[in-house]
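Taken together, the values in this text are just the output of simple stated rules run on the coordinates, not laboratory data. Model, not experiment: these values are computed from the prediction. Cβ sites come from the backbone with ideal geometry, for glycine too, and all protein chains shown count toward neighbours.
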RNA sequence: GGGCGAGUGGCGGAACUGGUAUACGCGACGGACUUAAAAUCCGUUGGCCUUUAAAGCCUUGAGGGUUCGAGUCCCUCCUCGCCCACCA
């Protein structure tokens, strides 16, 4: 008997699959379609790690399962190739990122194939190739034409190491996401002119559609929080002795009679104007200190500080003059960058008022501090006070009336506010898609005509940003100087490149038409294949997934797609950590290399099976060094069963053994089908293991070459094929099947053998387990009761007792209640 | 501070709408095969429990409740994880 050796089996089939192209999808097929994919990979010099092995196996299993079920299953592959690491490497070494990618990506091809992933390599895409980024640029142009792209000067996060702007989500605990070590400097703020996409126009739509998504709940919640919708009012306060007006956003406008001072963010545009001379020194010092203060300090030191500007505003509802302060607990980015402070009902304002001895007016009948959060959650419980004609009303009654009063006074109106800001898409970096804009001194910014796309990224010798805020492209003079498409005068190209999140927010559509030279993609094809049926990843719960949803909605609006949501199902899977629970990291040297495990002789199949078996997909898994050997043992046992079957003599089976074999295999077919369908891979594998153990017991009784054994073993091989595709293919063909196991092979359970003729009925007395009876399925309550009473183990509890009640659950349990 | 989720053997984890808790795997122990080991195969493996068995009792973070019956539902508390966080 030949031993199971993955080193022979796996490369053999990888080669055959590649040559026969069995994973190449026919996108025009008449079969029902299915597309399963994981978030695509950023190629780096270090190759794939165990986290990648986890991620990509999850979608591969799904894709294989559907392919076996007879779907035209498409498992695409691509590279998120633009981004900082390759550029930083280029700055250090002078090797162009284009060249790095050309060196790195072929290594990934080998690794992906070694893992046995069923990717369609014919349709491979990469975001850094002009054939791809031409359309990334086109999306920018379409956004611009639809008034969804605009340029603005903003205070932006700035990484002092990379000399580049950072998106909000790239700032983690006050530091650049790429430089967040203890010795790394804090991110700074810098005024930069840049391009934005108006994602806020879609905020409400994006928020409302979340409810209908078949996504991991934690991600849906994260998206809701990210969008951060609040309903309130914008209210204007006139400044005493001037025409200036301070506008605030408040969700608690019904407490306005308790507004006893105002607070502006230190960066607020009116601060200078409203500072009277006597206070200017103090104010300037405070602003400078706030600027220098890092975001971390602003967030962690909850101690409120601030200074009085010396001027006053008028509370529109009672005409009281209230002092204007600045304080860094008010954020310039949120709302209007200014608040009306209501110390009687807001904790932060209360603390501030106490510290600086500011007036406090309580607008509740209780005349003590009550957090507005509490009022908001039960507005009919609290009574309004100190609010003129509204005194005595509940907050529930007063809220609309006070808003009406503000509207009548012309001082306020209802307003919905979002935490989410417009998407900053400019990056002052080289390694990205150039923004297709030409700046003309006469015409201003002009779009590069579509026919001139792509704007090709020129090769350089020095990739270092210029340090004046512009990317290295500013040095490529030949490239930079162009004539204006509109007036033909001398002009310059935009030197910013597009945020790589744009590349990744539309790639799923390009998968359906990767080589199209005329259009971003063939809409008819995409409309046939959208949405992505299955998508998974362990990161990017907010930014990437939200941006992709935004782009999908935009594509729908301009008629490119039919579905507003790009991903039907999204699984936010867990990661793999080292055995002690800490993250794998290169610096700690505790990483586990998937290729090493394969090369050690365990093979990709055992690795894949272990990863899918260790825990439910959403859970984080600790790496268990014994796990892969365990999975290997299981596959080896299957190999042995098949080999012994092939060596067996032809023969007849006893009817009851035949029956037993069928009753092992049919329920497991049903279970594995349901479990993979609902992403419970771990229990699917457990059930297959259980079935194999049962077949081992039956094999000891009688193993002969016979259709019943062949059918059972073949079915089991087909069931594990999504997890362990190589060994499954090998055994499948050894069993005599001429076609591949990976297409149209999924077994269907025979209902006749799903339920057994006899069932174990549990007998309880007063809810305690006393005995188990093997009775015919569907046994009546009367018969079951009689059988229970006749049973020694039960009857001894019934002696001299009165039976009060009998609970009977068909085919499951009988509970005799006595006193 | 807010939100979400989770606490089950030595470990990873099973248990569908309440109905045999601990499936499956790892580890451990015993046996077979072997000169020996590895590999493989066959057993045992929640606790009280000490040689086994029988019988019994206990056991899903803690305490209480609902129910014939609770890992599952309700209340109180503890612990851990994740996400958001001076968001007006």
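Taking the helices alone, chain A has a mean residue ellipticity at 222 nm of -11500 deg cm²/dmol, built from -39,500 (n - 2.57) per DSSP H run of at least 4 residues and averaged over all its residues.
Relative contact order, percent, of region A:14-90 when contacts are C-alpha pairs under 8 Å separated by at least 6 residues?
Working: 72 pairs, mean separation 32.7, N = 77.
It rounds to 43 percent for region A:14-90.
Contact order for region A:331-396, expressed relative to its length and based on alpha carbon pairs under 8 Å spaced 6+ residues apart, stands at 23 percent. In the calculated pair-distance distribution of region A:80-151, the portion above 19 angstrom amounts to 53 percent of the Cα-Cα pairs. The separation of region A:105-139 from region A:363-436, counted between C-alpha centres, amounts to 48 Å.
Among A:347, A:72, a tally of other beta-carbon atoms within 10 Å of each Cβ gives an order, fewest to most, of A:347, A:72.
Centre-to-centre, using Cα atoms only, region A:551-582 and region A:19-90 are separated by 14 Å.
Working from Cα positions, state the angle (0 to 90°, nearest 10) between the long axis of helix A:781-790 and the longest principal axis of chain A. The angle comes out at about 70 degrees.
Please give the FRET efficiency for residue A:817 paired with residue A:365, using the beta carbon to beta carbon distance and R0 = 60 Å, rounded to the nearest 0.05. Before the final figure, lay out each step's value.
Details: r = 55 Å, r/R0 = 0.92.
So the FRET efficiency works out to roughly 0.65.
With Cα atoms as the point set, the radius of gyration and Dmax of chain A evaluate to 33.9, 109 Å. The residues A:620, A:732, when put in order of fewest to most other Cβ atoms within 10 Å, stand as A:620, A:732. Considering only alpha-carbon pairs that sit under 8 angstrom and 6 or more positions apart, the relative contact order computed for chain A is 14 percent.
Shape of region A:223-292 from the C-alpha gyration tensor: oblate (a/c of 1.5 or more and a/b not above b/c, with a ≥ b ≥ c the square roots of its eigenvalues). Given a Förster radius of 41 Å and the C-beta distance between residue A:314 and residue A:542 as r, what FRET efficiency does 1/(1 + (r/R0)^6) yield to the nearest 0.05? With R0 = 41 Å, the Cβ-Cβ based efficiency is 0.50. Cβ crowding within 10 Å ranks A:415, A:671 as A:415, A:671, fewest other Cβ atoms first. Were the residues from residue A:789 through residue A:468 laid out at 0.36 nm apart, the gain over their Cα-Cα distance would be 106.4 nm. When the Cα centres of region A:446-487 and region A:601-655 are compared, how far apart do they sit, in Å? So the separation of the two Cα centres works out to 56 Å.
Seen from every direction in turn and averaged, the convex hull around the alpha carbons of region A:456-591 projects onto 13.4 nm².
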